[in-house]
Amino acid sequence: MKSIMVTGGCGMIGSNLVKRLVKEGWDVYVADNLWRGKVENLNDDEGQPVIDIDTHFFKNDLTNYEETKEVIGMTDYVVHLADVVAGIDYVFKNQGELFRINNLINSNVFDCCRKAGKEKIKGLLYVGTVCSFPLTRQNTLNPEPLREEELFPAMPESAYGWSKLMGQLEMGYLEKETGIPCSILMFHNVYGTPTDFGERSQVIPALIRKAVNYPSEPFNVWGSGEQGRAFIHVNDIVNALVLALEKGWGQGIIQIGPSHCTSIKEIAYKVIEVSGKDITPFFDTSKPEGDKARCADYSKAKAVLGWEPTVSLEEGLRESYKWIEKQING
């Protein structure tokens, strides 16, 4: 049986990936400091954990080298999802700390892989972000789809984008030095469940929370609402990760996301429609809205992995609304 360590495995992406890998017969281990993730996210529909928590879960802080060394090198494969990421407010208020922590996590994980060597590590999969693309390619409201070769010259808008880009560079050096098979996926805006819908949450769960709580919580939308993103459901992300574990080795950077851009205003009105409530959104232009817009040319993902998005935005929003509503109201 192939063994695999999923860092950040208690988060939205990680927990869904863990469940999928367990179903496919992998021996799955998880490392997560639970900053945003929850151990109960690893439970199946009957409320039982899909892995043995006593032997296969490690509450380790990957900014600590010794704690990283405990978990990296014990499995055949590593999927490195762990990082510090949150909504736009948190990201822009904590750029220095976020940059420091993400670089520290990445360097610790990569160095432990380097020391374990290719005799032990049969594959390392790292997840980047499209926030790493140059600001100049994300500053118009009707953008051409992003292509992988446009990453350089580098000019990300945020420290988060820079930190994830530094991880891609370091991993590239690791692959050349050690011969460890590597794969890099760059994700667009992922949503789905289970998710953090509190004050550090990203746009879709935040808007759903406000709709569920309305009118006790105002339905305020950050920015003009004109800014757009390529939203991709977590099930499609998990499909990409599983395909990358099969076909993504040595293929360079592969972008994962839809080819169309959806405005935040459109998301807001879709959430209101799903809620069934009579809500008039307030667009707070005093708040930051980040890059203007972005979407993906996913032709490389289709050619190399055979991947395409399958979950419609409407279907995904309905599922997310139902889940968050249940968490809030019981």
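The values are calculated or read from the model by the stated rules, or taken from the named source; none is laboratory data. Predicted model only: the values in this text are computed from it and were never measured. Here the Cβ is made from the backbone with ideal geometry for all residues, glycine too, and neighbour counts use every protein chain on show. These area figures cover heavy atoms from the full protein model, side chains too; ligands, DNA and RNA do not enter into them. Shrake-Rupley method; radii C 1.70, N 1.55, O 1.52, S 1.80 Å.
The table below gives the values:
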read-out	value
Å² of accessible area per residue within the stretch 184-330, as computed with a 1.4 Å probe and no ligands counted	42 Å²
Among 139, 307, 249 the positive-end extreme of the charge dipole of the chain (Cβ point charges)	139
For residue 203, solvent-accessible area (1.4 Å; no DNA, RNA or ligand), Å²	50 Å²
Farthest positive-ward along the chain dipole, Cα basis, beta-carbon charges - from 41, 18, 174	174
Cβ-derived FRET efficiency at R0 45 Å, residue 115 paired with residue 327, nearest 0.05	0.65
Rounded, prolate or oblate (a/c below 1.5 giving rounded, otherwise prolate when a/b exceeds b/c) for the stretch 87-167 by Cα gyration tensor	oblate
Accessible area in the full protein assembly, largest first, 1.4 Å probe, for 243, 42	243, 42
Residue 55-residue 176 pseudo-label distance in nm [points 7 Å out on the Cα-to-Cβ vector]	4.2 nm
Neighbour net charge for residue 312 - beta-carbon separation under 13 angstrom, K R +1, D E -1	-3
Antiparallel DSSP beta bridges within the chain, percent to nearest 5	10 percent
Gain on full stretching of the segment that runs from residue 122 to residue 64 - 0.36 nm per residue minus C-alpha separation	18.5 nm
Which listed pairs, of 19/300; 120/300; 38/322, have C-alpha distances above 21 Å, in listed order	19/300; 120/300
Span from the the stretch 251-330 Cα centroid across to the the stretch 206-240 one, whole angstrom	7 Å
Cα point-scatterer Debye curve for the stretch 1-51, base-10 log of I(q)/I(0) at q = 0.13, 0.29 Å⁻¹	-0.25, -1.14
Label selected from (i) 86, 71, 35; (ii) 68, 43, 36; (iii) 60, 48, 37, the criterion being Cα extents along the principal axes in Å as computed here	(iii)
Protein-only accessible surface order, largest first, of 165, 313 at 1.4 Å	313, 165
Difference of contour (0.36 nm per residue) and Cα-Cα distance, residue 92 to residue 247	52.2 nm
Heavy atoms of residue 35: accessible area, 1.4 Å probe, square angstrom to 10	80 Å²
Cα long-axis angle, helix 313-329 against the chain (0 to 90 degrees, to the nearest 10)	90 degrees
Cα gyration tensor shape for the stretch 246-330, rounded if a/c is under 1.5, else prolate or oblate	prolate
Cys with no candidate disulfide partner in the chain (beta-carbon separation under 4.7 Å rule)	10, 112, 113, 131, 182
Listed residues 122, 164, 322, 277 arranged by accessible area, highest first, probe 1.4 Å	322, 122, 277, 164
Cα gyration tensor, the stretch 1-150 - rounded (a/c under 1.5), prolate or oblate	prolate
